[in-house]
Amino acid sequence: MHTMSRGQARIVMSGAGKRFGTLEVFRDISLEVGEREVLAVIGPSGCGKTTLLRCLDGLIPLDEGEIAVEGERVEGPRQGVAVVFQHFGLFPWKTVFDNVAYGLKLAGASRAEIQEQIPEFIRLVGLAGFEHYYPYQISGGMQQRCGLARALAVKPRVLLMDEPFGAVDAQTREILQFEMLRIWEMRPTTMVFVTHAIDEAVLMGDRVLVLKGRPSSVHEIVEVDMPRPRDRGTLLQPRFAELREHVWGTLMADARRAERELAR
Ligand SMILES: Nc1ncnc2c1ncn2[C@@H]1O[C@H](COP(=O)(O)OP(=O)(O)O)[C@@H](O)[C@H]1O
Ligand SMILES: [Mg+2]
């Protein structure tokens, strides 16, 4: 039933492994992500979450195995895949409007198409009225909204997000999480959402991929059997607490062991 509602596989990872010189970052990751699925990825700092995302985006090659998007082996950045980075990745010399328009422009959209389409995405992320501001003139949360609008404007079929709310304050983060859920409901798409926050992983994901170990690999895939649309009420459900505690236990067993080793 779950597989049905996720739709067909849009991302297929088979035995994916990555090394930087002698450092083996991850190995043997095999997993499918459906066309309307949010896969949350969690794991300790340095376990290779960003690296995995860059491999999914085709920015860096795998050393083992294969990643296919829409049935094609990933060999470089491809159309239909957009990324939202933790540190916004905005051009400081471009206005909000021009930052949001950047991806479309790159894809060859005409001036008329841009003038017609971009306002919708600016409104969608709540930045109407700030079109002519520069990044330094708006808050971190607004900058992240801008990065999100830029990614959404190319109407991606796959959205890759790397700790997108990791650099904003706690309240803004919560607001953005629920905004993101609302936007996703309006345009459900394949999403890989990397985070180091357990509550965020459970809130956003249909499944949570827990990466662990050195090199890291798939430790567990937690099915988040909570209905959508999700909202603030989701956080209050007993099931939410159970899932969060479960993931916490999985991750913390390692952290505690590491602490004991340090204390010795
Ligand atoms: N370009 C690179 N060259 C060498 N080592 C890298 C490079 N990128 C990341 N690493 C290393 O790979 C490991 C995983 O990094 P990263 O994917 O950023 O982890 P995470 O996002 O989970 O915190 C880290 O040990 C990091 O130092
Ligand atoms: Mg990272």
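The values are calculated or read from the model by the stated rules, or taken from the named source; none is laboratory data. Every value quoted in this text rests on a predicted model; they were computed, and no experiment measured them. Don't worry about glycine lacking a Cβ; one is built from the backbone with ideal geometry, like all the others, and counts go over all protein chains shown.
Counting residues in region 133-148 that are in contact with a helix residue (DSSP H, G or I) (Cβ under 8 Å, 6 or more places away or on another chain), basic (Lys, Arg) and away from ligand 2 (no atom under 16 Å from the Cβ) gives one or more. When Ala40, Ala16 are checked against the criterion of being more than 16 Å from ligand 2 (Cβ to nearest atom) and of a type outside the set (D, E, K, R), a single residue qualifies: Ala16.
Annotation: Gly48 fulfils all but one of (1) crowded, with 18+ Cβ neighbours inside 10 Å; (2) at negative phi; (3) modelled with pLDDT of 95 or more; the unmet one is (2).
Here Ala263 fulfils each of the conditions (1) out of contact with any Pro (no Cβ under 8 Å at 6 or more places or on another chain); (2) touching a residue at least 24 places away in the same chain (Cβ under 8 Å) apart from (2). If you check Arg207, Arg182 for being surrounded by 15 or more Cβ atoms within 10 Å (Cβ to Cβ) and of a type in the set (D, E, K, R), only one passes: Arg207. Take the conditions in contact (Cβ under 8 Å) with a residue 12 or more places away in the chain and either exposed (fewer than 13 other Cβ atoms within 10 Å of the Cβ) or among the small types (Gly, Ala, Ser) (or both) and apply them to Ala201. Does it pass? Here the answer is yes, as Ala201 does meet what is asked. Taking region 43-61 as the range and being under 16 Å from the mean Cα position of the chain (by Cα) and more than 16 Å from ligand 2 (Cβ to nearest atom) as the test, only Gly58 passes. List pairs: first residue in region 154-183 and farther than 26 Å from Gly48 by Cβ, second residue within 16 Å of ligand 1 (Cβ to nearest atom) anywhere in the structure, Cβ distance under 8 angstrom, at least six positions apart or on different chains. Final answer for the pair search is Thr172/Phe165.
Consider region 130-168 and keep the residues that are farther than 21 Å from Ile114 by Cβ and among the β-branched types (Val, Ile, Thr). The one that is farthest from the chain's Cα centre (by Cα) is Val168.
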